[in-house]
Every structure is written in C-alpha cells, then in structure tokens.
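Take a look at the structure set out below.
The values are calculated or read from the model by the stated rules, or taken from the named source; none is laboratory data. The shown structure was predicted, so the numbers you read here are calculated from the model rather than taken from an experiment. Because the Cβ atoms are built from the backbone with ideal geometry, glycine has one as well, and the counts that use them run over all protein chains shown. Just the protein is used for accessible areas: all its heavy atoms, side chains included, with ligands, DNA and RNA removed. Shrake-Rupley method; radii C 1.70, N 1.55, O 1.52, S 1.80 Å.
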Amino acid sequence: MDRKIKLGVFGFGCVGQGLYTVLHQTRGINAEIKRICIKHPEKKRPIDARFFTTSRDEILNDPEIDVVVELIDEVDAAFEIVSSALKRKKAVVSANKKMIAENFEALLHLQREYNTPFLYEASCCASIPVIRNLEEYYDNDLLTSVEGILNGSTNYILTHIFEHGQTFDKALKDAQELGYAESDPSLDVKALDPKYKLLIILVHAFGIILKPDEIFNYGIQNLKDADIRYAREKNASIKLVAKCRKTENKVIAYCMPRFVPLSDTLNKVANEYNGLLLEGAFSEHQFFMGKGAGGNPTGSAVLSDISALTYQYRYEYKKLSQHLNYSFTQDVSLELYVSYNGHVSPDPDDFEGISVKHEAPGFNYMIGKINLARLKQCSWLWDESVNIVLTENNP
Ligand SMILES: NC(=O)c1ccc[n+]([C@@H]2O[C@H](COP(=O)([O-])OP(=O)(O)OC[C@H]3O[C@@H](n4cnc5c(N)ncnc54)[C@H](OP(=O)(O)O)[C@@H]3O)[C@@H](O)[C@H]2O)c1
C-alpha cells in the first residue's frame, strides 16, 4: 500500500499506549492512528483529546480506516468489535488471547467468509514471534513439542519469590504496578492466561482446535513456603509451564507448575520474560526467549502485525489445511509432587503408584504417578491446603 494506512484502535491502556509509543519511534512503517475508542472518557490521557471517542461506530463505520487494532481487556466486547470489523472487511490485529481462545472456530469462520486477515502475534508470548514462526518456519518440520513459560506475570512472581525471597503478595503487587499482570490477576495466577496461549499455539503447531475447558490448568495460587523450601533443597525452582507434545498421532497438552533444575534452560527465563522450547524431528531443540508482557514489547508485536498487513500477510493455518489428523488425548501418566497439610489429603486410589510419602507436622507430601484424565476429576486438588507441582520426569 503506497498511502499511509489508517488505524482505528480500541483500548488505550498498557498495550494501547505501548503501540502508540512504538509506532511513533519506528521509521519505515507507513501507518498512523486515526481514532482511539476507550471506555471511560473522564480518564486523563497522555495524548491529545481529539484522538478519543467512546463510539465504536466512529471506527467501524469509517471507510478511511483500513485496520482495526483491538487492545481492550474485555472479552465479549472485544469479540463483537473484531467480528464487526471482519464483517466490514477491515483487517484486524488483536492481543486478546482469552477472546481468541474462547472464540477460535467463529473467528476462523469469519476470516474465511469475509476473506479478511486477522493477526494476533501479541496474544501469545508478547514480543516473541511464535505464531508466525510456527506457521512459516515450522510448516514442514515434524514438530514434536512446544513447551514454555507463557505468562510474564507469574514468572515475575516466581522469580521474585525464588531469587529475591519476596512474598507472593508483594511480588504480585509489583507485577501489577509494572503492567505485567492482566486486569484480573486470577487469569495469570490460576494459569488461565497461559492456557489460552497454549490453545492458540496448538492450532498453529499441530492443527488442533480445542475449547478452554478441555485443557487442564493448575496455577500457583496454592504455593506454600514449604513447597518453595522443598524445591530449593532439590536445587530447583518452580516455573509455570505450558506444554503440548505429540507422540505418533496423539497430542497431549497441559499447563501446570513444574520443578525446574537450576541448570535447566527454562530456569534462565526470569521476571516478565517468556521462554519457549521447540522440538522438531529435524530442527531438534530450539529456544526462544523474550519479554512476554509490558506495553512496549507487546506494542512492538502489534506493530509487527500491522506491518505484515501492509504486505498482505495472513495466516494460512497450514497445519489445519495439511489435515494432519492428530487427536488430542488426556490419557497420559504424569509424575506429581502433592503437598497437603492434613485437613484434606489426596486419595491414594487416584494414583497409579506412589513412590515417596513424607509426613511431618505441618508438611506432608507424596510423589506419585497419576493419569491426567483422572487428575482433572480429583476434588482434593482444589482445596487450598493442597498444592501440586510436576516433577522433572514427565512427557
Ligand atoms: N499488558 C500486557 O503486558 C499484555 C500482553 C499481551 C497481551 N495483552 C492483552 O492486551 C489487551 C489489553 O491489555 P492491557 O494490559 O493494555 O489492558 P488495560 O491496561 O487494562 O487497558 C484496557 C483498555 O481497554 C479499554 N476498554 C475496556 N473495555 C472497553 C470497551 N468496551 N470499549 C472500548 N475500550 C475499552 C480501556 O478503556 P479506559 O482507558 O477508558 O478504561 C483501556 O484503555 C488484553 O486483551 C490483554 O490480555 C496484554
């Protein structure tokens, strides 16, 4: 496109302001923001009031606006905005993983029906270009596994607990103040945010579309001092890890805290950084690391999508069109550390085998193997006196 492309932006919070900053410091991209739709007109803004509106239609019905950039923190409103834009054949860029993961089929259908591109690189690992890599670079490699730390906020919290001896609450408060946490921090802490990202990765890595409740997620909300001491004694830290792995034509996926040896590559991923380990039959192991949260890093990924639209880039959903016929399964045995304080204890019958059982006043734990499908049904799991962490020995 020779003329300047005109952007209609929804949201001017952490990421919206990041996009504004990054766009104004980047030469070589022929784009400008025409209008920004926000929710609270009374808020003080750092840029000229002429940009702002509270009317969606001022953007959606403006024939001059080529690209709609959706950067709000609401899901239903975001889906409505994105759907309306695609129906008007306006290309869309979004960072909203929850909205995308919950509505994937519908969004795919809209892109195809209206033949209009929808890009969402920033939704996965903010500044790490994971989706385009999975689409383009790994389109023909026999990818076997993608795992990583996909949530900057919990990684910041865990780093500050393990490396700086901070309390959970103080580390969470700092992560929120620095703009790394979601507006609703339970999305981070309960591992929903990395699960949404894993759902998006599953489509681009293995051509599998799932609903959020199909994937097991367990966060760091029940992490106790005793678990932290246990990890330290074993020369490990705890990281919140999302993983999908293919064996023959079956794919497993889950999102859980895991003990990570101090020497492990994933342990190098600190603070708000995200890290992604990819394994392919021919490319073998590769490691990507970059900032997984924050206004400017996320704004930079949004800008990269806007730039890609200027040369007509769109996702071809290559793994879907290759008809790989991989099927999702939860029939996999996982080795877990389970700590409990005695009021509620795990049912040994849920386990395929228990290799360690330790009982001491105030600190009990066991290590055992359990089937992932069975784990999802265990009610003891959700008592706040219980905590689970994957051991290092897992598929
Ligand atoms: N923060 C990160 O590091 C990060 C990283 C990757 C992806 N993301 C994703 O990026 C999106 C934005 O996150 P954020 O951190 O920038 O959120 P934020 O700081 O809370 O800002 C949200 C913005 O959305 C606006 N808004 C909310 N509902 C709206 C509606 N119905 N119509 C118009 N505007 C509306 C708000 O308007 P007011 O200003 O008027 O309140 C605000 O400007 C989310 O989907 C998030 O998951 C964030």
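Has the range 131-145 got any residue that is in contact with a strand residue (DSSP E or B) (Cβ under 9 Å, 6 or more places away or on another chain), within 15 Å of the ligand (Cβ to nearest atom) and modelled with pLDDT of 95 or more? Can you show your working first?
Restricting attention to the range 131-145, the residues satisfying the condition of being in contact with a strand residue (DSSP E or B) (Cβ under 9 Å, 6 or more places away or on another chain) are 131-134, 138, 141-145.
From the residues that got through so far, the ones that are within 15 Å of the ligand (Cβ to nearest atom) too are 131.
This time we only want the ones that are modelled with pLDDT of 95 or more, so: 131.
Checked against the condition, which is being in contact with a strand residue (DSSP E or B) (Cβ under 9 Å, 6 or more places away or on another chain), within 15 Å of the ligand (Cβ to nearest atom) and modelled with pLDDT of 95 or more, the range 131-145 yields at least one hit.
May I ask you to verify whether Ile100 is near the ligand (Cβ under 10 Å from one of its atoms), open to solvent by less than 40 Å² (accessible area, probe 1.4 Å) and at pLDDT 95 or above? Reasoning before the result, please.
Working: near the ligand (Cβ under 10 Å from one of its atoms): yes; open to solvent by less than 40 Å² (accessible area, probe 1.4 Å): yes; at pLDDT 95 or above: yes.
In short, yes.
Return the pairs, sorted by first residue and then second, in which the second residue is more than 6 Å from the ligand (Cβ to nearest atom) and among the polar types (S, T, N, Q), the first residue lies in the range 1-24 and is farther than 21 Å from Lys39 by Cβ, the beta carbons are less than 7 Å apart, and the residues are 6+ apart or on different chains.
Met1/Thr310; Lys4/Asn30; Ile5/Asn30; Ile5/Thr310; Val22/Asn296; Val22/Ser300
(1) more than 25 Å from Ser55 (Cβ to Cβ); (2) open to solvent by less than 40 Å² (accessible area, probe 1.4 Å); (3) in contact with a helix residue (DSSP H, G or I) (Cβ under 6 Å, 6 or more places away or on another chain); (4) within 16 Å of the ligand (Cβ to nearest atom): which one isn't true of Ser127, the others all being true?
Only one criterion in (1) more than 25 Å from Ser55 (Cβ to Cβ); (2) open to solvent by less than 40 Å² (accessible area, probe 1.4 Å); (3) in contact with a helix residue (DSSP H, G or I) (Cβ under 6 Å, 6 or more places away or on another chain); (4) within 16 Å of the ligand (Cβ to nearest atom) is unmet by Ser127, namely (2).
Mind listing whichever residues of the range 104-119 are in contact with a Leu (Cβ under 9 Å, 6 or more places away or on another chain) and of a type outside the set (A, V, I, L, M)?
Answer for the range 104-119, where residues must be in contact with a Leu (Cβ under 9 Å, 6 or more places away or on another chain) and of a type outside the set (A, V, I, L, M): Phe104, Gln111, Glu113, Tyr114, Thr116, Pro117, Phe118.
Under the condition of being of a type outside the set (A, V, I, L, M) and farther than 30 Å from Gly13 by Cβ, which residue from the range 269-300 is farthest from the chain's Cα centre (by Cα)?
Quick first cut of the range 269-300, residues of a type outside the set (A, V, I, L, M) only: 271-275, 279-280, 282-288, 290-292, 294-300.
Of the ones still in play, those that are also farther than 30 Å from Gly13 by Cβ are 279-280, 282-287.
Working: Glu279: 19, Gly280: 21, Phe282: 26, Ser283: 24, Glu284: 23, His285: 21, Gln286: 19, Phe287: 17 Å.
Looking at the filtered set, the residue picked out is Phe282.
Consider only pairs whose beta carbons are under 8 Å apart and that are at least six residues apart or on different chains; among these, list those whose first residue lies in the range 227-253 and is on the phi > 0 side of the Ramachandran plot and whose second residue is of a type in the set (A, V, I, L, M).
Asn235/Leu262
Can you work out which of the residues in the range 242-290 that are open to solvent by 10 Å² or more (accessible area, probe 1.4 Å) and among the β-branched types (Val, Ile, Thr) is nearest to the ligand (Cβ to nearest atom)?
So the residue we want is Thr265.
What do you reckon, is Ala122 open to solvent by less than 10 Å² (accessible area, probe 1.4 Å), away from the ligand (no atom under 11 Å from the Cβ) and among the small types (Gly, Ala, Ser)?
Values: open to solvent by less than 10 Å² (accessible area, probe 1.4 Å): yes; away from the ligand (no atom under 11 Å from the Cβ): no; among the small types (Gly, Ala, Ser): yes.
Judged against the criteria, Ala122 is not a match.
Scan the range 173-184 residue by residue and report those that are more than 8 Å from the ligand (Cβ to nearest atom) and touching a helix residue (DSSP H, G or I) at 6+ places or on another chain (Cβ under 6 Å). It would help to see each step written out before you state the result.
Looking only at the range 173-184, we keep the residues that are more than 8 Å from the ligand (Cβ to nearest atom), and these are 173-178, 184.
Selection gives Ala175 alone.
Would you check which residues across the range 186-233 are more than 16 Å from the ligand (Cβ to nearest atom), open to solvent by less than 10 Å² (accessible area, probe 1.4 Å) and in a helix (DSSP H, G or I) and list them?
Leu202, Val203, His204, Ala205, Phe206, Asp227, Ala231
Return the pairs, sorted by first residue and then second, in which the second residue is surrounded by 12 or more Cβ atoms within 10 Å (Cβ to Cβ) and of a type outside the set (S, T, N, Q), the first residue lies in the range 48-65 and is touching a residue at least 40 places away in the same chain (Cβ under 8 Å) and farther than 21 Å from Lys89 by Cβ, the beta carbons are less than 8 Å apart, and the residues are 6+ apart or on different chains.
Close Cβ pairs (under 8 Å, with a partner that is surrounded by 12 or more Cβ atoms within 10 Å (Cβ to Cβ) and of a type outside the set (S, T, N, Q)) amount to Phe52/Phe12; Phe52/Arg35; Phe52/Ile36; Phe52/Cys37; Phe52/Ile38; Phe52/Arg45.
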